[in-house]
Structure formats: structure tokens, C-alpha cells
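Written below as C-alpha cells is the structure these notes are about.
Throughout, read-outs are computed from the coordinates displayed, never taken from laboratory work. Fair warning: this is a prediction, and the values are worked out from it, not measured in the lab. Here Cβ is always computed from backbone atoms with ideal geometry, including for glycine, and neighbour counts include all displayed protein chains.
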Amino acid sequence: MTDTKKQEQGPADGADEREVLLKVEGLVKHFPIKKGILQRQVGAVKAVDGIDFEVRRGETLGVVGESGCGKSTMGRVVTRLQDPTGGSIHFDGQDITRLNAAGMRPLRRDIQMIFQDPYGSLNPRHTIGSIVSAPFRLQGVEPEGGVKKEVQRLLELVGLSPEHFNRYPHEFSGGQRQRIGIARALALKPKLVVADEPVSALDVSIQAQVVNLMDDLQQELGLTYVIIAHDLSVVRHVSDRIAVMYLGKIVELADKTSLYESPMHPYTKALMSAVPVPDPKRRGAKSDRILLKGDVPSPISPPSGCRFHTRCWKATEICKTTEPLLLELRPGQQVACHHPESAEDQAPQDTVLLSAAKEAAAGARGTARPATTDPQPKDDQEAPTDK
Amino acid sequence: MTELSKTGAAVGEPSPSDAPSAFLEVRDLKVHFPTDDGLVKSVDGLSFQLEKGKTLSIVGESGSGKSVTSLAIMGLHRLGARGKNVQMSGEIWLDGKELVGADPDEVRKLRGREMAMIFQDPLSAMHPYYRIGNQIVEAYRVHHDVSKKVARTRAIEMLDRVGIPEPGKRVDSYPHEFSGGMRQRAMIAMALVNNPELLIADEPTTALDVTVQAQILDLIRDLQKEFGSAVVLITHDLGVVAEIADDVLVMYGGRCVERGPVDEIFEQPQHPYTWGLLGSMPRIDRETSDRLIPVKGQPPSLINVPSGCAFHPRCPYADIPKGDVTRTVRPELQQVDGGHFSACHLSQEDRTRIWTEEIAPKL
Amino acid sequence: MISYILRRTFAAVILLLVVTAVTFAIFFLLPRLAGQTADQLAQQYIGKSPSAADIAAVKSNLGLDDPLYLQYWHFIKGIVSGATYDLGPTTTQCNAPCFGYSFKTHVEVWPQLTSRLPVTISLAAGAAVMWLVSGVAIGVISALKPGSFFDRSFMGVALAGVSLPMFFTGNLALLLFTYQWPIFGRTYVPFTENPAQWANTLFPAWCSLALLYSAIYARLTRSGMLETMNEDFIRTARAKGLRERKVVVRHGLRAALTPIITVFGMDLGLLLGGALITETVFSLHGVGEYAVQGIKDNDLPPILGVTLLAALFVVVANLLVDLLYAAADPRVRLS
């Protein structure tokens, strides 16, 4: 979203110089499963299972993954709407991992969330004015020129008419409601906005309006975004850096150009190849499509080692036994894989494919070319791979 | 009916009672729902044809009338609580049979056998209390006088065909025991159990993850090749359209604004709304450093559809045609070339110029 | 499925224990908390104007001077294994399950209950069949044509049915069909003796009771059906080419009825514990009438017995409903 900046500085190093606003280390969120009359805990949904990342001031971090990968839970935990099970969250230098509701209250000004459902997240009995001014009331802030004037300014900012002040949510369309949600989130000039699927409930033409709006607001107000979405095209458009999640883990974290041009994790590659491209000419050349077999395993008992090994066409014994660490294999591109694409193999001695991998490769071959034989541009190999 | 007379095949104005040569032909279909607030014109004069073995994608945003069209073809509007109120006119010809005026029981016999449908959300579209197998068996036995055992064998065969592992075991599962992708596969098995010649898929992959979507689109494509059926695929996702469609029909405010072969729709779109859809869409296949080009404003009300061209309040080019023709005259579909039609007051030169000079470079 | 049954059954047993504790609390603990002495409480268990000796006997028999936990223990023990009461000259054995002993009439409660139960069951079962059939049928027809003349008139009647009290409709039915035009019999005849006569006598009571309940069930069914018929799976069923009747019954009603099972089970359970007003109005010597008798005579043990029995029926009905629900809705078995 900060394209102008990036064009000047280049994607990777420009971002590095910026100050870290949000730092997440080893974040874990488990939801206990209780059973029986005594409600003993018999297991846990490992929604988020140890993730690390940083968000720098002024940038947009996109988080993608399929349903059940834990991306929404991650969003609710870093904004402290839910308590983490483990790990730490630092916001603006302050440890907010264990802050209670009272401790979080002053920080609520700085951290805001935008939700997916513009219908469910606005109270139908309150006017737009009272919804957007709620943050002022809750925080006891008196903006310059009064609350009403400020709210009307905010409504204008998000492209609504100030006269909408006394209307009710049901009088608005989905796109307009999402604008109201954004106005509310921006009321207190937050430093960080976490948006969970902000446009996925909207029609295509409206979706573009909201994406552009968020873009403009970031430029204007210097906002930092964490945008969680399942739509890889939207994420590519809005993000500076992108984290790909699979079963509660970040499998790849990179700036958007590296990620989309040369993904290193097989899952990222498969995920991106699955997105239908709005170009009918590409249909004949769908050779690079990788068709993953089956479904995402249950987050209650995720596979051992690398969680993707059950569906990966490159998986070997080590993938089953050892969990790969998220390592920076190329500047600005971290990946958790023993056998990454277009980079030096992390476990070259381990060459025997698992039977599941053979099957997956064969399945991919049935409809498309297997990715294992996909030749990568040579210049990718030149990138330094030492950590 | 102007657009029909322009098709290469039909010369002259066909009289309404003419049985068409196309496998599926919809002529001037109107579906209106009277409500307390006024008459909702969900579909207001829609015509298209579809041949066997071909896929037509109907594209549009919510409220454009695409789902209403599909239910109208299936004859599902007559039924149900509000069924009495629906006002339907026009013609729907399926394999030489006219469906709009037909005896409801005759249409019922065609449903599931000659035309079948799959829906957006397979979890709510399947009965939660019945086993998957039994639901497929039921679909088969409505149209085939066979024993339950024979039908069950057929159900297992179909589950196997759509790629459900261990079909002999999974046939006895309940819908909630399946994953989203599996359920949609089962739904497809149920729809195809009677080898229908027309398959209508209403947003079949919208509720699914992208990797599963790829599996399902692949499956639909393979099955179509195998059975040679005609497919109507309703979607809002132009990526899916590019992936699977032969022809595209773009709907706006209950009417077709553009229709044509998929390549032409993507390469030489002739309607400002189609441009808007293409411009609104972030692309995964290339870096779009620039902003998206959204369509301004809100979708139209179907009760008070804007006069003239329904798109004119949102159209950046509405002032180019002389006078207030865009506000007063409803544009009819005009042939661009071959099977490509567009309903727009802009001259073809203007459209070509705007597309090649203003829109295409920004995409 | 088996583990589900076991879990539910276990929960039902726990619930029964809780119910006995609550009953005990109401009949023995609350009066004491309200300031009654053991003597005063004992007096309530023997009725009007007893002698001092009678009171003392009751007090010692019920152990009202014992600590609370002992009293509760005796209460439970009585239910499970019976109790022996020392009545001065003689002792009386109250056999298990001892639901109490009326010191006033010198009658065990349990045999009274069992002898009256067939009447109550006859009343409840007959009425239940009537209201379930008519209520569901009316509800379905109304839901299929909402806003139609049929729908509006029946929902109007249903409203009247809910609003009219039992003692009004009951007495009216009695007056019209048993006394004015004596179509129906006046005295209860057991089913085993003469089924025709049995039904003949009970018919007005069934109708009065069913009028009340079928009105509720018609409304429940109507709203359930309206909701279900808008579900996606109904559209799927139609898209298969099923006949509309099959769509309504096999797909719509099947789903809409499941919540009604729950309500039905509870209603039936409650009714088996005695339809106090109905039985009184129609002079049926059922369980409810026994309780009313106890109230009139200021005799607590019958009331306690009927309360326990009603609680037992509700718990059992609750269990059956849970199991039925699991059989009807496969999703329930999971959790």
C-alpha cells in the first residue's frame, strides 16, 4: 500500500529500516476441548501454535491461509480480544501479553480492529453518529471542536455524507457499513489497525472501493495495518509483506514481490497456483497448477514434524520427524521448510520421498506438471542462503 | 428480442412459439416479485442460448438476478411459501421443451433428471438428518424405478467418480461428518446421479478454500467432458470464469449488459460495467502498483431501477453519448461481432478507444 | 451412540438425586427455616386437630428432631428400601418404594399412586395423541400457505385455545356433552374392562386438554415449518424433482418436528404427574386428584408423593427426549 515509498527504496531494505511497532514471539493460542460430565480437558484445538513476526510502523502485513489455519485467532490474540496461551506480544515497545482489561484500556486507542461482517458488528439500535463516537465516549476523549464535528469529519473521510449522522445501520448497504466500521476504528487515530477479512463479504466493485479507501487512509494517517484475508489477490494488492499460515504456523513470511514471484514454501506455491487467474489465455498453460489432495488436517492433532508433510509432494523422512524452523533463506524471505523451492535444500541428505509425497506428486502430475520438476530461474539460486 | 435476431444462426425474427435449435434457450425471461415496498424486478428481460458440452458463466454482483435466473430455469420459483406471488414471463426452452408455461409436474420430472443444480453452501444444501448415501439414493430413485440396493450401488459409484475416498464406507456418513470440499463433491455426485444434460452451478466454490476450489473446478470440468452436459456456472469471481467458461453473460440490475465468448469478454470487453468489474479486481498474476479502479456508487435498487441504462448513475462515460439518451432510453443488446453482444449507448469507436487507451493499460 | 446413552442416563440419575433433595428441602427444610418447630411441622403431616400423642408419634416416626442429613438419609432410604412406622399399638410397614405414609388416613401413598396412575395415563396419552396429530397437522397446513384464510382462522382459534382456561373449556364440555346431551359416559371404566366405554368417558376430557395443547403445538409447528421450508436443503430436495408432498413430509416436517419432540416429552412428563384441574373437573380419580384431595384435607404425604412422582416422570421424559433427539438428529450424538 505504500507503493511510493517502496518504489524509492526497494521492497526489502526500505521496510527494514522502519521501527518495529508490533512484535510477536512464540505466540500460542489453544482452545481446550472438554468432554464428559466432569468436563475434563481431553485435548486442544491448536489454533495458533507458536508464531513469530514483526510489524513495522507504516507497513501493511498481510496474513493469508485457508480456513482453520488460525489467522483470525491470531488477529484476535494480538489485539488482546482473546488471551494468548503462550508467547509474548510487544506493542510499541510495551509488553501487552498479560495486560488485563484495565491495563489494555489506554492501548485500545492505539490498536483497533475491523471485522468481516459489516452487518453483525454494528449495533442496529444505535445511530451511525453514536456508533462512530463510541470510542470517544469510552476513552473519555474530547476531540477538538466537539465529538459531533469530529464524527462528521470521520464520516466524510471514509466517503460517507456527514448527514448520515442520525441514520441507523440498516439504512446502509454492506459497503457503506464497512465504511462505518472503518470510521469507528479510525476515530481515535490508532497506530495499528488489524482488519480481519475486511472486504470478503462485499461485492467486487464495492470491495475495490474499500480497498482503495484503506489505502488512502494509510497514506494520509500513516497507519499500520495487519490485514487478514483468505483472498490471495486482495492480499497481494494491499500488503507490503505477507505471512502464509498453515495449521497454526507461519510457513513463509516475505515481502510481497518475493513471495508472489518466487514462493519458497511448497504450500505457498500450491496455494498461489490454485488461485484462478482472470485471464482465459492462461487456461491452456495451467501447467504450473499444483492440485493439493485432500483437506487440511485437524488442528486438534496436527501432523508431526512439518505440518504440511501429509500433503506435500516433496516430503521426506525428516519432514515427518523434525519441525522445520522459520529461517531467512533469502533477504526478506523467511521460510519453514526442509526442501524449499528455489533455494538450497535444507536437508539434502534426505532424498527418499514419503509414500504420501509420491502420491501427492502423482496426483499433481495427473492434472498438471509436478512442481518437483519445475525448473526455477537460475538467478534465484544466486541469492545468499546463509542465515 | 432484437438480440436474438442478430445471432448468426437465426435469420429474421423468430416467432415466440418457435422451438429453438439450441439445447437451452432463454427468451425475454422476466421474474418479478411483488413485495410491500413495490415490485422487485429481479430478472427483467434476459435472453441467452447454451449448447451441450459448453459452459456459460453468468457473472454479476449480489442482486443482479443471476441466482434468480438459475432458479427460474429449474422451475423452483413456482414453489414454496412465496411461490404464488412470483410473476414469471418469457420462454425457457430445454431440449425442445418449453418450461415457463409447462405443467408443473412435467417440469418436476425434468428436475434432477435432465437438469440438476449444485449450490453455494453444501452444508446447508444437504439435509442434516439423512446419510449422504440415502440422499443420493433418493435423487436416483425419483427418476429410476429401481430397488434401494441398486440405487445404493449407483450412489457409491458416483461418490467414487467424484473422488471421495472409500466411497463404500463414506456412503453412510452424514453431511456434518464431511469436510467442505467433500460435501461439495457429494453434492455434485447427487446432482449428476441421473446424468443430467444441464448442470446449473450456483457459486459452487464461493464457500470453499482456494485449494479446494481448484479441485472442484477441475472436477466439474472433467465431468463435463465425460458427460457432455451443458453447464451454467453462476459466479461473481472473474478468475473462476476465466478458468472454466466458454461464454460469459454479465448481468446488471436484472438485465444482460454484455454477452460473448470468454476470450472476447476479457480482451475486448464492450461495456463500462464489465470494465468496472475487471478494474475492481486485484490480480494475483501481476503486480498492480496502481490503485484499483472501482465502480463508484452502489448497486441499483431492483424496485426503482434507474431509467434509461440502469448503469448510468455509476457510469463514468454516461455523458459521452449526445443528449440524455443514457438516462431515458434503455439500451438493447447490440451485436459487436460474432457472438459478442453489448447493451451500451456508447458508439463502438468510443468503446474501443476507451478500453484500449484508458482501461486496459491500468489493469 | 452407546456412550451418549450412558452419559445421558447417568445425568438423569444425578438429576433424580437433585430432585429428591429439592423435594426434601421444600417439605422438610423450608418450613423449619421459616421458623416452624418440629412439632408444628409434624402436625402438618397428620392433618387437622391431632392429639399431642399423635404429633409426638409422627415426629419420632419421621425423625423430625434428627439432624438434617439424617432426615434426608431416612427420606432417601424410605424411597429406596421402605420404612417402618411405629404407630403406638401397631407398627406399619411402608414398602419400598415408600413415597410416604398418610398418618391421617393410615394409608401408604405409593399403592394409592399406582392404583390411580392408569387413569392419569389414560387421560394424558389420549389427549397427547389428539393434540399431537391435530396440532402438527394444523401447523403444517398453516405453514404451507401462510397468510391464507385457513392459516389466519386457525391461528385465531389457536390463540383462543391457549387463552381459555381449562376449568372453562372443561366445564363447558362437561355441561354440553355429558349433561345437556349425554353422548359421553360419566364414570371412568378401565381400558382393560371396556375400551369403548373407556374412550367414551374420557373423550370430553381429552378434547378439553387437547384444545389447550394443540393450540400451542400448532403454533410451534407452524413457525418451525415456516423456518424449515426456507432452508437450503428444501430447495435441494425440490431440485431433485421430488414430489412436493415428499418434500414437505420427508424433508420439511422431519426437520421441523425435532424441536417439538423436546417440548412434547416435557409436556407429557408433566401431565403424567397429574393433571390437577382436568381430573378435578371431570371427576377422574387420578394422581392429580389425589394431590388435590391431600391439599383439601391438609394431608402433606400425598402431596409429597405426587410431587416426587411428577418429578420422576419429568426426569424420565427428559431422558427419553434426549435419546429421541439423538436418534432424530445425527449431529447431536457428536457432542
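Listing for the model above:
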| read-out | value |
| --- | --- |
| Dipole magnitude (debye, nearest 20) for the protein assembly as shown, charges at Cβ of Lys, Arg, Asp, Glu | 2820 debye |
| Computed over chain C: relative contact order in percent, which uses C-alpha pairs under 8 Å that are six or more apart | 22 percent |
| Over chain A, relative contact order from alpha-carbon pairs under 8 Å, at least 6 apart, % | 17 percent |
| Volume in Å³ per residue [convex hull over Cα atoms, computed for segment B:23-170] | 151 Å³ |
| Hits among lysines - C-alpha to C-alpha of B:LYS322 under 24 Å, sequence gap 8 or more where chains match | B:LYS296 |
| Reachable aspartates and glutamates from B:LYS41, criterion Cα separation under 16 angstrom, eight or more residues apart if same chain | B:ASP28, B:GLU61 |
| DSSP-assigned coil residues among GluC sites (Glu not before Pro) in segment A:144-248, each with at most 11 further Cβ atoms within 10 Å | A:GLU144 |
| Alpha carbon centroid spacing (whole Å) that separates segment C:257-335 from segment B:168-194 | 42 Å |
| Packing-based ranking, highest mean first, of C:245-253, C:188-196 given that Cβ atoms within 10 Å are counted | C:245-253, C:188-196 |
| Cβ-isolated cysteines (cut-off 4.7 Å), chain C | C:CYS207 |
| Taking segment C:95-237 and dividing mean pair separation by its residue count, relative contact order in percent (alpha carbons under 8 Å, at least six apart) | 34 percent |
| Estimated vicinal HN-Hα couplings, Hz - segment C:56-69 in sequence order (Karplus 6.51, -1.76, 1.60; Gly, Pro = x) | 4, 5, 4, 4, 6, 5, 8, x, 5, 8, 5, x, 4, 4 |
| Modelled FRET efficiency - R0 41 Å, C:ASP297 with C:ALA160, Cβ distances, 0.05 increments | 0.70 |
| Equivalent ellipsoid dimensions for segment B:128-194 as semi-axes, Å, which come from the Cα gyration tensor, largest first | 18, 11, 11 |
| Tilt relative to chain C, helix C:2-24 - C-alpha long axis, 0 to 90 degrees, to 10 | 40 degrees |
| Reach of C:LYS77 by Cα under 23 Å, taken over lysines that are not fewer than 8 positions away in the same chain | C:LYS59, C:LYS104 |
| Rg ratio (alpha-carbon, reference 2.2 N^0.38 Å) - the protein assembly as shown | 1.15 |
| Relative packing of peptides C:305-311, A:41-47 - highest average C-beta neighbours within 10 Å first | C:305-311, A:41-47 |
| Amide H within-cut-off set for B:GLY45, under 5 Å, with H built and near neighbours excluded | B:LEU29, B:LYS30, B:VAL31 |
| Contour minus Cα-Cα distance for A:GLU323 and A:ARG57 (0.36 nm per residue) | 92.7 nm |
| Between helix B:210-227 and chain B: long-axis angle, C-alpha atoms, 0 to 90°, nearest 10 | 80 degrees |
| Neighbourhood charge, 13 Å Cβ-Cβ cut-off, centred on C:THR37 and excluding it, Lys, Arg +1 and Asp, Glu -1 | 0 |
| Computed label-point distance, nm, for sites C:ALA199 and B:VAL329 using a 7 Å Cα→Cβ extension | 7.8 nm |
| Filtered trypsin sites (Lys or Arg not before Pro), segment C:1-93: DSSP coil and at most 11 other beta carbons within 10 Å | C:LYS48 |
| Extension reserve of the C:ILE14-C:GLU227 stretch, reckoned as 0.36 nm per residue once the Cα distance is removed | 73.1 nm |
| Angstrom value of the Kirkwood radius, inverse mean 1/r, which spans all Cα pairs in segment C:110-334 | 19.1 Å |
| Segment B:292-330: trypsin sites (Lys or Arg not before Pro) falling in loop per DSSP and having at most 10 other Cβ within 10 Å | B:LYS322 |
| Per-residue Cβ neighbour rank within 10 angstrom, fewest leading, C:LEU257, C:LEU33 | C:LEU33, C:LEU257 |
| Other-chain or far-sequence residues with amide H under 5 Å of B:MET74's (modelled H) | none |
| Using alpha carbons only: equivalent-ellipsoid semi-axes of chain B, gyration tensor based, whole Å | 36, 24, 19 |
| Residue of C:ALA160, C:ALA53, C:ALA256 that the Gaussian network model of chain C assigns the largest fluctuation, springs spanning Cα pairs under 10 Å | C:ALA53 |
| Point-to-point label distance, A:LYS35-B:ASP350, nm (Cα→Cβ direction, 7 Å offset) | 6.9 nm |
| Directionally averaged shadow of segment B:193-255, computed from the convex hull of its alpha-carbon atoms, nm² | 4.9 nm² |
| Two-decimal log10 I(q)/I(0) for chain A, as the Debye equation yields it once each C-alpha is a single scatterer, q = 0.10, 0.12, 0.13 Å⁻¹ | -0.70, -0.98, -1.12 |
| Per-residue Cβ neighbour rank within 10 angstrom, fewest leading, A:SER161, C:SER122 | A:SER161, C:SER122 |
